[in-house]
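The values are calculated or read from the model by the stated rules, or taken from the named source; none is laboratory data. Quantities reported herein were computed from a predicted structural model and do not represent experimental measurements. No Cβ is skipped: glycine too gets one built from the backbone with ideal geometry, and neighbour counts run over all protein chains shown. All accessible areas refer to the heavy atoms of the entire protein, side chains included, with ligands and DNA or RNA removed. Shrake-Rupley method; radii C 1.70, N 1.55, O 1.52, S 1.80 Å.
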Amino acid sequence: QVQLVESGGGLVQAGNSLRLSCAASGRTFSDYAMGWFRQAPGKEREFVAGLNWTGNMVQYASSVKGRFTISRDTAKNTVHLQMNTLNPEDTAIYYCAAGKTLVELTGHPPFWGQGTQVTVSS
């Protein structure tokens, strides 16, 4: 129904930055919220950041607050995650997600991307 495609992952050294992008396509509500989750090896998937369709409400995990910035290009149905001051603890597969509301996004988002690997070396 809705396809989410992530890009921008890669291998970086600690302290460097990456910018992830997620492009949405297919049938969907025009006012859906979008955001990011991540899953590190041996850990459960956790919420990273998300915003509503207008972009006036944003939510971050405490572990990334102050370092990561989420934004969206509504016209292109694309959301970005600027990740600064990366550290090895940020190493994970990052998944783009979408939901009808920000509450749904942070809870049980119905739409997921395939994920993009982010590896931060020390």
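List of remarks:
- Normalised contact order of segment 1-103, rounded percent, pairs of Cα under 8 Å and 6 or more residues apart: 35 percent
- Each of THR106, ASN56, ASN87 was placed along the dipole of the chain (beta-carbon charges, centred on the mean Cα), and the one lying farthest toward the positive end is ASN56.
- Alpha-carbon gyration tensor eigenvalues x 5, square-rooted, for segment 32-109, Å: 20, 14, 10
- Set of aspartates and glutamates near LYS65 by C-alpha distance (under 18 Å), chain-local residues within fewer than 8 positions excluded: GLU46, GLU89, ASP90
- Residue-normalised accessible area of the chain, expressed per residue, 1.4 Å probe, Å²: 54 Å²
- Most mobile listed residue (MET83, MET57, MET34) in the chain, GNM with C-alpha springs under 10 Å: MET57
- Counting only DSSP beta bridges with both residues in segment 11-122, the antiparallel share comes to about 90 percent.
- In the chain, the portion of solvent-accessible area held by carbon and sulfur atoms comes to 50 percent [1.4 Å probe, whole percent, DNA, RNA and ligands not counted].
- Residue of THR74, THR106, THR91 that the Gaussian network model of the chain assigns the largest fluctuation, springs spanning Cα pairs under 10 Å: THR74
- Highest mobility in the GNM of the chain, judged by mean-square fluctuation with C-alpha springs under 10 Å and restricted to GLY42, GLY55, GLY107, is found for GLY42.
- Working ranking of peptides 92-100, 113-121 by packing, defined as the average number of other Cβ atoms within 10 Å per residue, highest first, is 92-100, 113-121.
- The local environment of GLN117, defined by Cβ-Cβ distances under 12 Å, has a net charge of -1 under the rule Lys, Arg +1 and Asp, Glu -1.
- Model label sites at THR119 and VAL2, defined 7 Å from Cα along the beta-carbon direction, differ in position by 3.1 nm.
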